[in-house]
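One structure is given below, encoded as C-alpha cells.
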Amino acid sequence: VLMPTGADTQQYQMPNSSSISEFLLLALADTRQLQLLHFWLFLGISLAALLGNGLSSTAAACDHGLHSPMYLFVLNLALLDLGCISTTLSKAVANALWDTRAISYLGCAAQ
C-alpha cells in the first residue's frame, strides 16, 4: 500500500482522539443467586457500619464529657468511615441488585 507524501498527507490524516465515558467493573459472581447473596451481604455490612459509626459519632458529638482529644479522634474516624462506606459499598450493592457492571467516569473519580 502506497501512502501519498508531502502536501497530500494532510487530507488522509485522522485526528487522534478518544474519550472515556464509563468503566466496566468485574462481576463478583456470574449467577443471579450469588449476585443476590452478595447484595444481602453487602447491604447488611453497610447497614451495620452506618449504625455503628452513626452511634459513635452521635455519642461523641452530644456528650460533653466525650470532648477530649481521643474521642474527637474517634469522631473523625467514624465520619471518615461513613463517607467511605456510603460511596464504595453502595455502588457494589446497586451493581449486585440490578445486575449492572458499569460505573461512570465521574462516579469513579468521585469514589
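The values are calculated or read from the model by the stated rules, or taken from the named source; none is laboratory data. Nothing here was measured: the structure is a model prediction, and the numbers come from that model. Cβ coordinates were reconstructed from backbone atoms using ideal geometry, including for glycine residues, and neighbour counts include every protein chain displayed. The area values use the complete protein model at the heavy-atom level, side chains included, leaving out ligands, DNA and RNA. Shrake-Rupley method; radii C 1.70, N 1.55, O 1.52, S 1.80 Å.
The table below gives the values:
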item	result
Per-peptide average of other Cβ atoms within 10 Å, ordering 47-53, 98-104, 61-67 highest first	47-53, 98-104, 61-67
Under the span-like rule (Cα at least 20 Å along the axis, Kyte-Doolittle mean at least -1.0), DSSP H helices of the chain	32-62, 69-84
Pair residue 73, residue 20: separation of 7 Å Cα→Cβ label points (nm)	3.7 nm
Charge tally in the Cβ shell below 15 Å around residue 28, where Lys, Arg are +1 and Asp, Glu are -1, residue 28 excluded	+1
Identified option (computed Cα extents along the principal axes in Å; candidates (i) 82, 41, 15; (ii) 60, 42, 23; (iii) 36, 27, 24)	(i)
Accessible area expressed per residue, the chain, with surrounding protein chains retained (probe 1.4 Å, Å²)	77 Å²
Formal net charge of residues neighbouring residue 103 (Cβ-Cβ distance under 11 Å; K, R +1; D, E -1)	+1
